[in-house]
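One structure is given here, and the rest of the page talks about it.
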Amino acid sequence: MQTLDMADIELREMNETLHAQAENTNQTSWEIVNPKGAHAIACGLDAPIEVTVKGSTGYYCGGMNKQATINIEGSAGPGVAENMMSGTIVIDGDASQYAGATGHGGLLVIKGNASSRCGISMKGIDIVVHGNIGHMSAFMAQTGNLVVCGDAGDALGDSLYEARLFVRGSVKSLGADCIEKEMRPEHLAILADLLERAGADAKPEEFKRYGSARELYTFKIDNAY
């Protein structure tokens with residue numbers, strides 16, 4: 001394992017070292033110590049490496065991630081996994097606002113709770129939250145899956161498109177055009193796979209599915225006047 005100590009090196013140098021790893025690197029395991037809540041840790045990675053952050057992080061940790069596996073042994077600040085393309089990010093603690101925002105792919109696992117706007121404008125990312133999520137989560141979510149093992153706050157799925165939302169607990173309120181939908185066998189299969197990959201012990205049958213009523217983004221001639 002390669003160790004990068006942020007007590008000794010600057011953030012830019014640390015990220016440049018990780019960015020320099022090629023597809024066929026044999027230095028596949030990295031550890032970042034003394035992160036001190038720094039912003040933009042391990043952003044823009046594009047190699048099949050595993051990075052473990054030994055502590056909590058600031059804004060945008062793991063943003064634009066491709067291929068890499070990032071483990072955060074603490075909590076994450078706003079925008080963790082923002083615009084993530086592929087790979088996996090696992091947070092042992094809580095995540096602040098807009099976790100996984102605009103994510104195009106990959107898997108984000110939050111073992112604690114997530115704050116407001118989790119999964120906002122998600123575009124294909126899969127997000128599994130072991131705890132609760134805050135208000136306005138999955139706002140304008142386009143595609144992908146948001147799985148919540150706890151409760152959801154106000155205005156879940158407001159103005160969403162075709163993302164699938166699975167909630168095990170209660171939902172304080174649904175946003176505009178978001179409705180409860182039938183849980184079919186294919187949805188149970190998707191959910192079972194995500195729960196297993198995220199290390200969650202919940203059962204798919206305990207969840208409800210929510211999605212778009214398809215009233216807001218469908219053109220209607222009556223609305224043209």
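Against the test of being buried (at least 24 other Cβ atoms within 10 Å of the Cβ) and either touching a strand residue (DSSP E or B) at 6+ places or on another chain (Cβ under 7 Å) or farther than 20 Å from Gly199 by Cα (or both), the options Ser96, Ser137 yield a single qualifying residue, Ser137.
Yes/no matrix, rows are residues, columns are (1) among the hydroxyl-bearing types (Ser, Thr, Tyr); (2) without any contact (Cβ under 8 Å) to a residue 24 or more places away in the chain:
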{"residue": "Tyr60", "(1), (2)": "yes, yes"}
{"residue": "Thr69", "(1), (2)": "yes, yes"}
{"residue": "Asn83", "(1), (2)": "no, yes"}
{"residue": "Asp94", "(1), (2)": "no, no"}
{"residue": "Gln97", "(1), (2)": "no, no"}
{"residue": "Ala101", "(1), (2)": "no, yes"}
{"residue": "Gly106", "(1), (2)": "no, no"}
{"residue": "Met122", "(1), (2)": "no, no"}
{"residue": "Ile127", "(1), (2)": "no, no"}
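Taking the numbered list (1) out of contact with any Pro (no Cβ under 7 Å at 6 or more places or on another chain); (2) farther than 21 Å from Phe166 by Cα in turn, Thr57 passes all entries but (1).
When you scan the stretch 171-224, how many residues do you find that are in contact with a Gly (Cβ under 6 Å, 6 or more places away or on another chain) and closer than 19 Å to Tyr161 by Cα? Break it down into steps so the answer makes sense when it comes.
Keep residues of the stretch 171-224 that are in contact with a Gly (Cβ under 6 Å, 6 or more places away or on another chain), which gives 172, 175, 178, 181, 210.
Now narrow it down to the ones that are closer than 19 Å to Tyr161 by Cα: 175, 178, 181, 210.
Adding up the residues that qualify gives 4.
Mind checking which strands (runs of 3 or more DSSP E) fall wholly inside the stretch 1-117 and carry at least 1 residues that are touching a Cys at 6+ places or on another chain (Cβ under 9 Å) and modelled with pLDDT of 95 or more? Step through it out loud before you land on a result.
On the way: elements: 2-5, 29-33, 50-54, 69-72, 88-91, 107-110.
Qualifying strands (runs of 3 or more DSSP E): 50-54, 69-72, 88-91, 107-110.
Might you let me know whether the stretch 88-98 holds any residue that is at positive phi and in contact with a Pro (Cβ under 8 Å, 6 or more places away or on another chain)?
At the first step, the residues of the stretch 88-98 found to be at positive phi are 98.
Adding the requirement that they be in contact with a Pro (Cβ under 8 Å, 6 or more places away or on another chain) leaves 98.
The answer is yes; a qualifying residue exists.
With the structure loaded, tell me whether Ser121 is in contact with a Ser or Thr (Cβ under 7 Å, 6 or more places away or on another chain), of a type in the set (S, T, N, Q) and farther than 19 Å from Gly157 by Cβ or whether it fails that test. Walk me through it before giving the result.
Details: in contact with a Ser or Thr (Cβ under 7 Å, 6 or more places away or on another chain): yes; of a type in the set (S, T, N, Q): yes; farther than 19 Å from Gly157 by Cβ: no.
Criteria not met by Ser121.
Among residues that are surrounded by 20 or more Cβ atoms within 10 Å (Cβ to Cβ) and either under 23 Å from Ala138 (Cα atoms) or of a type in the set (D, E, K, R) (or both), Ala38 is not included.
Applying the criterion of at least 2 residues that are among the small types (Gly, Ala, Ser) and out of contact with any Lys or Arg (no Cβ under 9 Å at 6 or more places or on another chain) to the strands (runs of 3 or more DSSP E) found wholly in the stretch 125-224 leaves an empty list.
The values are calculated or read from the model by the stated rules, or taken from the named source; none is laboratory data. All values reported here derive from a predicted model rather than from experimental measurement. Using ideal geometry, Cβ is built from the backbone for each residue, glycine included, and neighbour counts are taken over all protein chains shown.
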